[in-house]
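Step one of this worksheet: look at the structure below.
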Amino acid sequence: MQKVAIIVIDMLKDFVTGSLKCDRAVRIISNIKNLLDHARNKNIPIIFSNDHHIPTVDKEFKLWGPHAVAGTEGARVIDELKPNEGGYIINKRRYSGFFETDLDLLLRELDIETVVLTGLHTNICVRHTAADAFFRGYKLIIPEDGVEAFTEEDHKSGIDYLKKIYGAEITTTSELIQKL
Ligand code: ZN
């Protein structure tokens, strides 16, 4: 397999149990954890792509209300998936992990060709990050039990879109663990 990195998108306290709580997010925590444990054993890079909003100015607040405000507890990765000391964390202020961030630079420095996207939400930040990864020539792998959305329909149609429009390989975390 081409050189791969795992990207964990918005598995933050506000998105799982806080101000933008998503009940369905709970279902993917242990799947992502298994994948991250495996990646750590195999020295596969893990990158956390985290919402990190500036209070009052951020345009997203009009749509979603305040969430993942820089410096607050809600903007931290949930304890179950806590990054290792010195792990890669790339903060973002929009849906895409690439928009006005260092993510592409980091991936190029690590010689990454394939990105595995996990986290929240299938049809929002995962989708926009996938778009920017696709535009930059990265191959995409998405485990369908490693991403979630507010509703089953949002999740399913989100997966369908990622597959059709960006040619993402759709798999499961356990299949992926066997391959990586
Ligand atoms: Zn946000």
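Take Gln2 and Glu113, extend 7 Å from each Cα along the Cα→Cβ direction, and tell me the distance between the two endpoints in nm.
0.6 nm
For the chain, set up a GNM with springs between Cα atoms under 10 Å and report which of Gly158, Gly71, Gly119 has the largest fluctuation.
Gly71
Please compute the modelled spin-label separation between Ile170 and Asn41, points set 7 Å along Cα→Cβ, answer in nm with one decimal.
Between Asn41 and Ile170, the label points sit 2.8 nm apart.
Putting +1 on Lys and Arg Cβ atoms and -1 on Asp and Glu Cβ atoms, find which of Ser49, Val16, Phe135 reaches farthest to the positive end of the dipole of the chain.
Phe135
Using only Cα atoms, figure out Rg for the chain and give it as a multiple of 2.2 N^0.38 Å.
Ratio of Rg to 2.2 N^0.38 Å for the chain: 0.94.
Using modelled backbone amide H atoms (1.01 Å from N, in-plane), which distant-in-sequence or interchain residues come within less than 5 Å of Lys92's amide H?
Here Asn50, Asp51, His52 satisfy the definition.
What is the set of long-range amide H partners of Gly119 at a cut-off below 5 Å, with H atoms built 1.01 Å from backbone N?
Ile9, Val147, Glu148
To the nearest 500 deg cm²/dmol, what mean residue ellipticity at 222 nm is calculated for the chain from DSSP H runs of n ≥ 4 alone, each contributing -39,500 (n - 2.57), summed and divided by the residues?
-10500 deg cm²/dmol
In nm, give the distance between the simple-model label positions of Leu63 and Asp102, each being 7 Å from the Cα along the Cα-to-Cβ direction.
Roughly 2.7 nm, to one decimal.
Which length gain, in nm to one decimal place, applies between Asp160 and Ser19 when the Cα-Cα distance is subtracted from 0.36 nm times their residue separation?
That works out to 48.0 nm of additional length.
Report the extension gain between Lys179 and Ala70 in nm, rounded to one decimal, defined as 0.36 nm multiplied by the number of residues separating them, less their alpha carbon distance.
35.6 nm
Taking a 20 Å limit on the Cα-Cα distance, which of the listed pairs Lys139/Lys179; Lys42/Lys92; Lys3/Lys42; Lys21/Lys163; Lys13/Lys179; Lys13/Lys164 fall beyond it?
Lys42/Lys92; Lys21/Lys163; Lys13/Lys179; Lys13/Lys164
About its Cα centre, how strong a charge dipole does the chain have in debye, to the nearest 20, once Lys and Arg get +1 and Asp and Glu get -1 at the Cβ?
That gives a dipole near 160 debye.
Any idea what log10 I(q)/I(0) is at q = 0.16, 0.18 Å⁻¹ for the range 42-130, Debye with uniform C-alpha scatterers and no solvent?
Normalising to I(0) and taking log10 leaves -0.68, -0.86.
Using DSSP, restrict attention to beta bridges with both residues in the chain and report what percent are antiparallel, rounded to the nearest 5. Could you put the intermediate results ahead of the total?
Details: 1 of 25 bridges.
Taking every DSSP beta bridge with both residues in the chain, the antiparallel ones total about 5 percent.
Compute a Gaussian network model of the chain, connecting alpha carbons closer than 10 Å, and tell me which residue from Ala130, Ala70, Ala149 fluctuates the most.
Ala70
About the Cα centre of the range 14-116, how large is the charge dipole given +1 on each Lys and Arg Cβ and -1 on each Asp and Glu Cβ? Please answer in debye to the nearest 20.
Value, rounded to 20: 320 debye.
Laboratory data are not the source of any read-out in this text; all were calculated from the coordinates shown. The structure displayed is predicted, hence computed values, not measured ones. Counting neighbours? That spans all protein chains shown, and the Cβs are built from the backbone with ideal geometry, glycine included.
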